[in-house]
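See below for the structure under consideration.
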Amino acid sequence: MNKSMIAIALAAGLSIPTAGYAQSAGEQLVDDIITEVIDQTADAARAEVRRKIGIDPLDRGYSDRDDYRPAPSDLNQESVNELRRLDSEYDRKVAKLEEELERELNKAERKFRREAGKEDKPEKIEKKREKLDRKVAKAHRKFEEKLRKENERYDRKREQILSQASSKW
């Protein structure tokens, strides 16, 4: 693993075993669980956000609907600017949601490491894993619900901007 990969992983708050670090079987099990549970959940959330990035507010909204009306080609500059501001605001809010999820996952990871570090039997660590699974799933569901609400809020405001712009003609 090169230095830049380690720096990126550390900056992202990910847990990675470093080369040359001798791990016990219990530590390796804990690392494997964290990689499987927390890192995969964080990756799924990031993928959802990345999927939304690049949507042009003049073309469509953020919810998973197919009935979006694109902005009219002769949309006034004021409305275009409003849509761009709305999109920037959306990006900031989604980034905050991502950070909130990351904090929750990091908190769950630290607690799991503390509790699992006290255990010496794989069965007991597995019980701690089940608890971690529930916490991570709850945090991800909360993230998804907040993202869904933000998508709906964005779409309502987008429609409002487009409706106001069309009524001015």
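Just so it is clear, none of the values below were taken in a lab; they were calculated from the coordinates. Computed from a predicted model, the values in this text were never measured in an experiment. Note that each Cβ is placed from the backbone with ideal geometry, even for glycine, and that neighbours are counted across all protein chains shown.
In the set 148, 153, 114, 84, only one residue is of a type outside the set (Gly, Ala, Ser) and under 21 Å from residue 36 (Cβ atoms); that residue is 114.
Being among the basic types (Lys, Arg) and either touching a helix residue (DSSP H, G or I) at 6+ places or on another chain (Cβ under 6 Å) or not in a helix (DSSP H, G or I) (or both) is true for just one of 128, 111. Which residue is that? Lay out the reasoning, then the answer.
Working: 111 fails: either touching a helix residue (DSSP H, G or I) at 6+ places or on another chain (Cβ under 6 Å) or not in a helix (DSSP H, G or I) (or both).
Going through 128, 111 in turn, just one is among the basic types (Lys, Arg) and either touching a helix residue (DSSP H, G or I) at 6+ places or on another chain (Cβ under 6 Å) or not in a helix (DSSP H, G or I) (or both): 128.
The residues in segment 105-119 that are over 11 Å from residue 29 (Cβ atoms), surrounded by fewer than 19 Cβ atoms within 10 Å (Cβ to Cβ) and either among the acidic types (Asp, Glu) or under 26 Å from the mean Cα position of the chain (by Cα) (or both) can be counted, and the count is 7.
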